[in-house]
Amino acid sequence: TCFLRLEIARTPDERTRGLMNRPMLDQNHGMLFVYENEASLKFWMLDTLFPLDILFLDSKGRVVDIQTMIPQPGVNPESLQVYISGEPAQFALEVNNGIAAICGLMIGSIIDLSQI
């Protein structure tokens, strides 16, 4: 079992800003992006300086996709790689690269969001 301290990004402005321009993310921290409904979610690494695992979760907190996002410093925004959820998702959880594996998270895992 892993416990993570999460920042919540609920508004469009918070979701757009995400983890941009931060030098690092503490080991047991992450950012949870919350959306109104399940949809195909799209993320990129604009001005994000460190690699991340992104876990896409459905409305029940079930992991539907996991991807590793790699920084692309100096790349024009229109040329950045876009990471799209493999299935509709209502939440996206960004954590330091490798945390998903350390915590044993995989597609089908349930993440308890009841404390949020």
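In table form, for the structure just shown:
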{"quantity": "Å² per residue, accessible surface of the chain at 1.4 Å", "calculated": "58 Å²"}
{"quantity": "Normalised contact order of the range 1-98, rounded percent, pairs of Cα under 8 Å and 6 or more residues apart", "calculated": "34 percent"}
{"quantity": "Residue (of ALA100, ASN76, LEU57) at the positive-pole extreme of the range 34-116, dipole from beta-carbon charges", "calculated": "ALA100"}
{"quantity": "Percent accessible area from carbon and sulfur atoms, the range 20-116, protein chains only, probe 1.4 Å", "calculated": "52 percent"}
{"quantity": "Only Lys, Arg (+1) and Asp, Glu (-1) charged, at Cβ; the chain dipole about Cα centre in debye", "calculated": "120 debye"}
{"quantity": "Contour excess over end-to-end distance, with Cα ends at GLN81 and MET20 and 0.36 nm allotted per residue", "calculated": "20.4 nm"}
{"quantity": "LYS42 paired with ARG10, simple spin-label distance in nm, labels 7 Å along Cα-to-beta-carbon", "calculated": "2.6 nm"}
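The values are calculated or read from the model by the stated rules, or taken from the named source; none is laboratory data. Not measured: the values here are computed from a predicted model. Every residue, glycine among them, receives a Cβ derived from its backbone with ideal geometry; neighbour counts consider all protein chains shown. The area values use the complete protein model at the heavy-atom level, side chains included, leaving out ligands, DNA and RNA. Shrake-Rupley method; radii C 1.70, N 1.55, O 1.52, S 1.80 Å.
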